[in-house]
Amino acid sequence: MSFKIKMTTATMAACIAFAAAPASAANILFPDYEEFKSHTVTGSNFNAELARQYQTLSAYEYQEMYDYIDAETYAERGMMAEKDISPSPFQPEEWNIDDASAMKELQAARVELIGALQKGAGDIAPGHAANAQAKFDCWVEQQEEAWQVDHIAQCREGFRAAMLDLHQAMMPKKAEAEPAAPVAKTEPLA
């Protein structure tokens, strides 16, 4: 039995157990999601922005997609960020992505994102940097699932737009043109 089939079977079993269990069972099966879902994340630095992004992804995966495993993953990452520990963007090689072309595209996108982060994107434009990382992670996660083509496209295009915003925000600001100093008039020498 392949790893993917084993994981699917285990996930299905957990979901069936979860559905049959009382509401408080979510605290046992998905403790990070339950703890993190209603936090009010404060601050405006990169990690605070990233925590809020992951909180949104976690809630979406849990409440809309019934993807409890990925909801828990995003909650874990959000809790790390909230504790001021920056999780690295997902590494596509660690995900079961069968599409070789998509894998290359994800790898190149990660290099671009890591490059921006290493140049201080998190300090220069924390909101844009956090948005780019969250969209990238969403893209990786959706690409692994490989069946919701519109979701893959939303995450991919969201990442690209976020990177454009990030690159723009990181551009050196052009100094505003200073008005020219008045030219002193001199009296002709007699």
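The values are calculated or read from the model by the stated rules, or taken from the named source; none is laboratory data. What you see is a predicted model; the values in this text were computed from it and never measured. Ideal geometry is used to build each Cβ from the backbone, glycine not excepted, and the neighbour counts take in all protein chains shown. Surface accessibility is based on the protein's heavy atoms, side chains included, excluding ligands, DNA and RNA. Shrake-Rupley method; radii C 1.70, N 1.55, O 1.52, S 1.80 Å.
Once neighbouring chains are kept in place and the probe is 1.4 Å, which whole percent of the accessible area of segment 53-135 is contributed by carbon and sulfur? Walk me through the numbers on the way to the answer.
Working: 2020 of 4110 Å².
Within segment 53-135, the accessible surface is 49 percent carbon and sulfur.
How much length, in nm to one decimal, is gained on full extension between His39 and Ala169, taken as 0.36 nm per residue of separation minus their Cα-Cα distance?
Working: separation 130, 0.36 × 130 = 46.80 nm, distance 2.86 nm.
Here the answer is 43.9 nm.
With the Cα gyration tensor of segment 64-168 giving a ≥ b ≥ c as the square roots of its eigenvalues, does the rule (a/c under 1.5 for rounded; else a/b larger than b/c for prolate; else oblate) give rounded, prolate or oblate?
oblate
Distance cut-off 19 Å, Cα to Cα: go down the list Lys119/Lys173; Lys83/Lys119; Lys37/Lys83 and report the pairs above it.
Values: Lys119/Lys173 16 Å; Lys83/Lys119 22 Å; Lys37/Lys83 15 Å.
Checking Cα-Cα distances, Lys83/Lys119 exceed 19 Å.
Taking a spot 7 Å from the Cα of Ile124 along the direction of its beta carbon, which residues of segment 141-174 have an amide N less than 20 Å from it?
159-174
Can you compute 3J(HN,Hα) from phi for each residue in segment 35-48, using the Karplus curve 6.51 cos²θ - 1.76 cosθ + 1.60 with θ = phi - 60°, rounded to whole Hz and x for Gly and Pro?
6, 8, 4, 10, 4, 9, 7, 9, x, 10, 6, 3, 5, 5
Of Leu106, Ile124, Leu164, which is farthest on the positive side of the dipole of segment 91-178, counting Cα position, with +1 on Lys and Arg Cβ, -1 on Asp and Glu Cβ, and the Cα centre as origin?
Ile124
How many nm is it between the label spots at Asp84 and Thr56, if each spot is 7 Å from the Cα in line with the beta carbon?
My value for the distance between the label points is 2.5 nm.
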